[in-house]
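The values are calculated or read from the model by the stated rules, or taken from the named source; none is laboratory data. Keep in mind that this is a model prediction, so the values were computed, not measured. Cβ placement follows ideal geometry from the backbone for every residue including glycine, while neighbour counts extend to all protein chains displayed.
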Amino acid sequence: MERELKPSLNPGKATVIIGPRRSGKTYLLYSMVGEERERYVYLNFENPLLFGITGRDFPGIVDAYFDLYPENVGREVFFLLDEIQNVPDWEIGVRYLLDEDFMVAVTGSSSRLLSREVATQLRGRGISYTLLPLSFMEFLRFKGVDFKKRDLYGRKVHTIKKLLEEYLKYGAFPEVALLGDKVRILEEYLSVMITKDVVERHGIRNVALIEALVKLLLSNYAKYTSYSSIHRFLKSEFGTSKTTVLEYLRALEDSFFVFFLPKFARSEKESLRAPKKVYLVDTGLALFSRKDPARDMENAVFLELLRRKHYLNPLLNVHYYGGSGEKEVDFVVSESGRVVELIQVTLSLNDARERELSALSMAGRNLGCENLTVVTLGEEEIIERDGLRINVLPLWKFLLGLTPSAPLSASPSPAPS
């Protein structure tokens, strides 16, 4: 099944694909294999047979490959390295492969590969891509629904709306979308994510504290929080320091379990001091806390905006606006510092029309943005207010890129009828 992220292989550069466990990184790596399969070397470093290998062993791996395929000496050979974060000194091995003119692609389940290790360890020789769980368009394809523009008002819309309910409830990990026993699969994913990518990778000894932190974040998805409030909550039971809490929160971010959305502010200092909003990497994980349809919607919109950034336009940034007594707008989308879209998410405008629209129009005037969107569960209209035009549309259309801002969407435009 084709994915929307399209990483490229470049001479002299390692293609680095990161993302949460079970999001499809291995499949994406397989998709790079061409017709002459013997020129592609795939190594999965979660295979017990490869335990103990370090980056310094890569020359021996190359020698073993050419012993098997001496006819490929001097030809272009590709090394596809899965879950590279499990290899001590992996960057030494990858730099060796690049120095020997091999084409290299690696995957990893830790965002450290993006934010810290790639930039420093590969010394400018890596290009990073982030793969997230399925977009709604990908989810429909996994379900065998081929959406076309002519289906906008046909019977297929009913199927799409029904599948949206499943998408929000159980999330979008590929296996969860395809298989039964979804809750048990998600439970296993959550357990492995915390055990392997947080506790073991970061050498965390206070497992009870990390479990309490996970429960706290699950119960607060799509809500405001701050590092200080989290520390105060945990300090009473565990007596832990603020430094430890911060380290554990960073470890959870590194594992892609959770994202912290900052406030949009003209001052970086103000943005850093303000509360953050918590979003999960997948709405299905909220099953292990208190599911809430409105918060599921908001979390799904956040993840779609994140895909737009990582799949299509790295210059995009996402923040929230207002809060702490101010009128809030859920998402501010900016490009190179210029605000390009403001998005409000609500189940329905029926009960909160004035609140939602006044916040949106006020932010539009303050930020000089005329691209205003309200995402609802099922409503659709165009509202003229305070000299501004506000597009109200249902969530399924937003997720499929059927919006006035569709060029920014990670989901490709539907094929013409």
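Quick look at the numbers
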read-out: Test result for L168, under 20 Å from the mean Cα position of the chain (by Cα), touching a residue at least 60 places away in the same chain (Cβ under 8 Å) and within 30 Å of A212 (Cα to Cα); value: yes
read-out: Verdict on Y321 being under 25 Å from L357 (Cβ atoms), in the same structural domain as S348 (by TED's automatic domain parsing) and of a type outside the set (S, T, N, Q); value: yes
read-out: Test result for V374, among the aliphatic types (A, V, I, L, M), closer than 19 Å to L400 by Cβ and either in contact with a helix residue (DSSP H, G or I) (Cβ under 8 Å, 6 or more places away or on another chain) or not assigned by TED's automatic domain parsing to the domain that holds A300 (or both); value: yes
read-out: Failed item in (1) more than 30 Å from P174 (Cα to Cα); (2) touching a residue at least 40 places away in the same chain (Cβ under 8 Å), with E268 passing the rest; value: (2)
read-out: Within region 364-375, considering residues that are out of contact with any Asp or Glu (no Cβ under 9 Å at 6 or more places or on another chain) and in contact (Cβ under 8 Å) with a residue 12 or more places away in the chain, the one surrounded by the fewest Cβ atoms within 10 Å (Cβ to Cβ); value: G368
read-out: Scope region 225-242; condition under 29 Å from the mean Cα position of the chain (by Cα) and under 12 Å from L209 (Cβ atoms); matching residues; value: I230, H231, F233, L234
read-out: Residue ID - farthest from G171 (Cα to Cα), chosen from residues in region 100-140 that are among the charged types (D, E, K, R) and at pLDDT below 95; value: R123
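Quick grid of which residues meet (1) of a type in the set (A, V, I, L, M); (2) more than 29 Å from the chain's Cα centre (by Cα):
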{"residue": "K6", "(1), (2)": "no, no"}
{"residue": "I17", "(1), (2)": "yes, no"}
{"residue": "S23", "(1), (2)": "no, no"}
{"residue": "G34", "(1), (2)": "no, no"}
{"residue": "V62", "(1), (2)": "yes, yes"}
{"residue": "N72", "(1), (2)": "no, yes"}
{"residue": "R95", "(1), (2)": "no, no"}
{"residue": "D99", "(1), (2)": "no, yes"}
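Here's the yes/no breakdown for (1) of a type in the set (V, I, T); (2) in contact with a Gly (Cβ under 7 Å, 6 or more places away or on another chain):
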residue	(1), (2)
H231	no, no
F256	no, yes
P275	no, yes
V281	yes, no
L287	no, no
N299	no, no
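Rundown of residues vs (1) under 30 Å from R184 (Cβ atoms); (2) assigned by TED's automatic domain parsing to the domain that holds L186; (3) crowded, with 23+ Cβ neighbours inside 10 Å, yes/no style:
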residue	(1), (2), (3)
E268	no, yes, no
A274	no, yes, no
K277	yes, yes, yes
D292	yes, yes, no
S336	no, yes, no
V340	no, yes, no
E356	no, yes, yes
